[in-house]
Amino acid sequence: MKNLEISRIFREIADILEIKGDNPFRIRAYQRAAQNIEGLTEDLESYAEGERLREIPGVGEDLANKIKEFVQTGDIKAYQKLKKSLPPGLLNLLDIPTIGPKTAKLLYDKLKIKSIADLERAIRSNKLKGIFGIKEKTVENIIKGIELLKRGKERMILAEADSVASKFLQALGKLPQVKKICFAGSLRRQKETVRDIDILVSSSQPQKVIEAFTRVRGVKQILAKGPTKSSLRTDEDVQVDCRVVP
DNA sequence: GGACTTGT
DNA sequence: GGTTCGAC
DNA sequence: GTCGAACCGTACAAGTCC
């Protein structure tokens, strides 16, 4: 089921276009398509097979092609290109309540702020005040927003963790060297919220498993990579740890 | 008071 | 970017 | 059928800045 992935990508494209000040109607088009795709009960892949993508409200020739591209190749070139046109991390600013595209762009243009870490540094060194449109009150709100975000981001609800976890399960499960694979930690215990995902793999060739693990689609950053252990961060900002045992 | 941004 | 609608 | 133009979800509250 690629539906959620694609709608996420479309939303992200909309965010990027918004920061870049693109045509508002174009932005809305992506948002609308994303929303309609989310509500779909049927798999996009079957829409694609039957050439029925355009039956989806808000999906025309262009978006249909992008969906088709994703279904076939697992990626969308135009999306990658668009993503590269912006510093990685800048989009994360939008996750902060009170910061929308305008403010994100402002911070980037005026202060070269391109990540939440940058923003925190700027706040600490009092660089934020004095920028056009930002005074003490706004700075306070941003600080509160960051705190809120961090509290919420540290833990995610089980359902989210599950969907990320299943991607890895699927990817690693395909490997012939894998004998057994299971989850550990809070995900296994089915706690209401989890901080990260722990995967335990049994294999005679740990290196191969680690290799595959770090190459799963949607990996943003590799935090550690050793012969039998590795941990990484996904595009959804979820940390995933993997241990391989004989 | 008016303009603007975010969020619903 | 999508959709509608009239002209051709 | 297809080409191009015009239009596209509306309305609003709240907060901040000027």
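The values are calculated or read from the model by the stated rules, or taken from the named source; none is laboratory data. Worth saying up front: this structure is predicted, and the values here are computed from it rather than measured. Reconstructed Cβ throughout: ideal geometry from the backbone, glycine too, with neighbour counts over all protein chains shown.
Numbers at a glance
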quantity	calculated
Filter result for residue A:143 (at pLDDT 90 or above and part of a loop (DSSP other than H, G, I, E, B))	no
Residue that is surrounded by the fewest Cβ atoms within 10 Å (Cβ to Cβ), among those in region A:81-91 that are assigned to a loop (DSSP other than H, G, I, E, B) and more than 16 Å from DNA strand B (Cβ to nearest atom)	A:85
Residues that are of a type outside the set (Phe, Trp, Tyr), in a helix (DSSP H, G or I) and more than 11 Å from DNA strand C (Cβ to nearest atom), drawn from region A:48-80	A:48, A:49, A:68, A:69, A:71, A:72, A:73, A:77, A:80
Some residue of region A:140-151 being within 13 Å of DNA strand B (Cβ to nearest atom), touching a Leu at 6+ places or on another chain (Cβ under 9 Å) and either in contact (Cβ under 8 Å) with a residue 24 or more places away in the chain or within 30 Å of residue A:204 (Cβ to Cβ) (or both)	yes
Per-region count, region A:92-107, residues in contact with a helix residue (DSSP H, G or I) (Cβ under 6 Å, 6 or more places away or on another chain) and part of a helix (DSSP H, G or I)	7
Contacts under 6 angstrom Cβ, first residue in region A:13-35 being closer than 17 Å to residue A:56 by Cα and assigned by TED's automatic domain parsing to the domain that holds residue A:53, partner within 8 Å of DNA strand C (Cβ to nearest atom) and not in a helix (DSSP H, G or I), 6 or more apart	A:32/A:58; A:33/A:58; A:33/A:59
Residues that are without any contact (Cβ under 8 Å) to a residue 60 or more places away in the chain, under 18 Å from residue A:74 (Cβ atoms) and among the hydroxyl-bearing types (Ser, Thr, Tyr), drawn from region A:212-246	A:214
Condition check for residue A:47: closer than 18 Å to residue A:20 by Cα and assigned by TED's automatic domain parsing to the domain that holds residue A:13	no
